[in-house]
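The values are calculated or read from the model by the stated rules, or taken from the named source; none is laboratory data. In this text, all values refer to a predicted model and were calculated from it rather than measured experimentally. Cβ placement follows ideal geometry from the backbone for every residue including glycine, while neighbour counts extend to all protein chains displayed. These area figures cover heavy atoms from the full protein model, side chains too; ligands, DNA and RNA do not enter into them. Shrake-Rupley method; radii C 1.70, N 1.55, O 1.52, S 1.80 Å.
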Amino acid sequence: MANAGGGAAGEGEWLKVAQLRTLVQAQDPRAKEVDNLTLRRFLRARDHNVDKAGAMLLKFVRWRAEAAPGGSVLEEQVRGELEQDKVYMGGVDRTGRPIIVGFLAKHYSANRDMAEFKSFVVYFFDKICARIPRGQEKFLAIMDLKGWGYANCDVRAYIAAIEIMQNYYPERLGKALMINVPYIFLKVWKTMIYPFIDANTRDKFVFVEDKSLRETLRQEIDESQLPEFLGGKMPLVSLKDYAQQPQPVCE
């Protein structure tokens, strides 16, 4: 069985998925609700070590029951974050991965409530993952730091978002293009954020130099799907407005 988003899956890998299912369901019956593709992503995130993947997955099952007790985070729970219009939905990249765009200069640490922010992270990860089509397992992120300054610096929030992603949405991020990055953010990233990112996630963050921005974007995204603010033809939809639209069914 081939998968464009996560590479070919052989018989040996599916055997380990079956072993993982047996392991986790014996310890938490709620794990039976987790589909095989999700099990495979957790397995891959732990280099196919069934015991380590099992520990990670059981932690996920417990976390999910608390983070989204009704199955999802409701819009009214994150209304304050949505009103800031800092996360948008875009088109798809050349491999079919849906695009999510974040404007970090619209986030202010002084206005942030950590509990709501964490719920917001779950909310937008759920939304972008629901857009991932059959045959693909990952999404592409564009993180725009134009205008970012000290008032926007929120290391606690950045680390919280990264930890949620790598612990509970493993193998979902295909690539994060970091654009218009000021020097001070790069210093903060290297000294205060990078140490908290696991080895399987670090290489997915790509810091794009201004001089190569146009070329890099067009390698990843067709002009018809490239956001308008980056010279393409695709209008962005704010997450607030996207929430009002009919939602696709997650496969």
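Near the amide H of residue 226, under 5 Å away, which other amide H atoms are found, from residues 5 or more places off or on another chain, if H is placed in the peptide plane?
233, 234
Accessible surface of residue 89 in the full protein assembly, 1.4 angstrom probe, to the nearest 10 Å²?
10 Å²
Enumerate by residue number the trypsin sites (Lys or Arg not before Pro) in region 127-160 meeting two conditions: DSSP loop (anything except H, G, I, E, B), and at most 15 other Cβ atoms within 10 Å of the site's Cβ.
Here the sparse-neighbourhood loop sites are 134, 146.
Lys and Arg at +1, Asp and Glu at -1: add these up for the other residues within a Cβ distance under 12 Å of residue 67 and post the number.
Values: positive: 59, 62, 64, 118; negative: 66, 126.
Computed value for this residue: +2.
Taking the Cα centre of region 162-221 as the origin, how large is its charge dipole in debye, to the nearest 20, when only Lys and Arg (+1) and Asp and Glu (-1) carry charge on their Cβ atoms?
120 debye
Kindly flag which residue pairs out of 52/118; 118/240; 59/240; 59/204; 86/127; 106/187 have an alpha-carbon separation exceeding 18 Å in this structure.
52/118; 59/240; 59/204; 106/187
Using a 1.4 angstrom probe on the protein heavy atoms only, could you order 106, 204, 86 from most to least accessible area? Walk me through the intermediate numbers first.
Working: 106 80, 204 35, 86 15 Å².
Solvent-accessible surface, decreasing: 106, 204, 86.
Which one, 101, 148, 192, projects farthest toward the positive side of the charge dipole computed for the chain from Cβ point charges (K/R +1, D/E -1)?
So the residue we want is 192.
Using a 1.4 angstrom probe with every protein chain in place, what is the largest-first accessible-area order of 28, 51?
51, 28
Quick one: how many Å² of residue 242 are accessible to a 1.4 Å probe, rounded to 10?
Approximately 20 Å² of residue 242 is accessible to the 1.4 Å probe.
Mind ranking 222-232, 115-125 by how tightly packed they are, going by the mean number of other C-beta atoms within 10 angstrom, highest first? Numbers along the way, then the final one.
Numbers: 222-232: 15.6, 115-125: 19.8.
Per-residue Cβ counts within 10 Å, averaged per peptide and sorted highest first, yield 115-125, 222-232.
Report, in deg cm²/dmol and to the nearest 500, the calculated mean residue ellipticity at 222 nm for the chain, where each DSSP H run with n ≥ 4 adds -39500 (n - 2.57) and the sum is divided by the residue count.
That calculation yields -12000 deg cm²/dmol at 222 nm.
Nearest 20 debye, what's the magnitude of the dipole of region 1-120 about its Cα centre given +1 on Lys and Arg Cβ and -1 on Asp and Glu Cβ?
Its charge dipole is roughly 380 debye.
Run through all the Cα pairs of the chain and give the fraction in each 10 Å bin from 0, expressed as whole percent.
Spelled out bin by bin, the chain gives 7, 29, 37, 22, 5, 0 percent.
Where in the chain are the DSSP H helices whose C-alpha atoms run 18 Å or more along the long axis and whose mean Kyte hydropathy is at least -1.0?
11-27, 50-67, 114-130, 155-168
Tell me, what does the Kirkwood hydrodynamic radius of region 42-157 come to in angstroms if you use every pair of distinct C-alpha atoms?
For region 42-157, the Kirkwood estimate is 16.1 Å.
Which length gain, in nm to one decimal place, applies between residue 106 and residue 212 when the Cα-Cα distance is subtracted from 0.36 nm times their residue separation?
Here the answer is 35.7 nm.
Residue by residue, what Karplus-based ³J(HN,Hα) values in Hz, rounded to whole numbers, does region 98-107 have, using 6.51, -1.76 and 1.60 with θ = phi - 60° and x for Gly and Pro?
x, 10, 10, 10, x, 10, 5, 6, 8, 9
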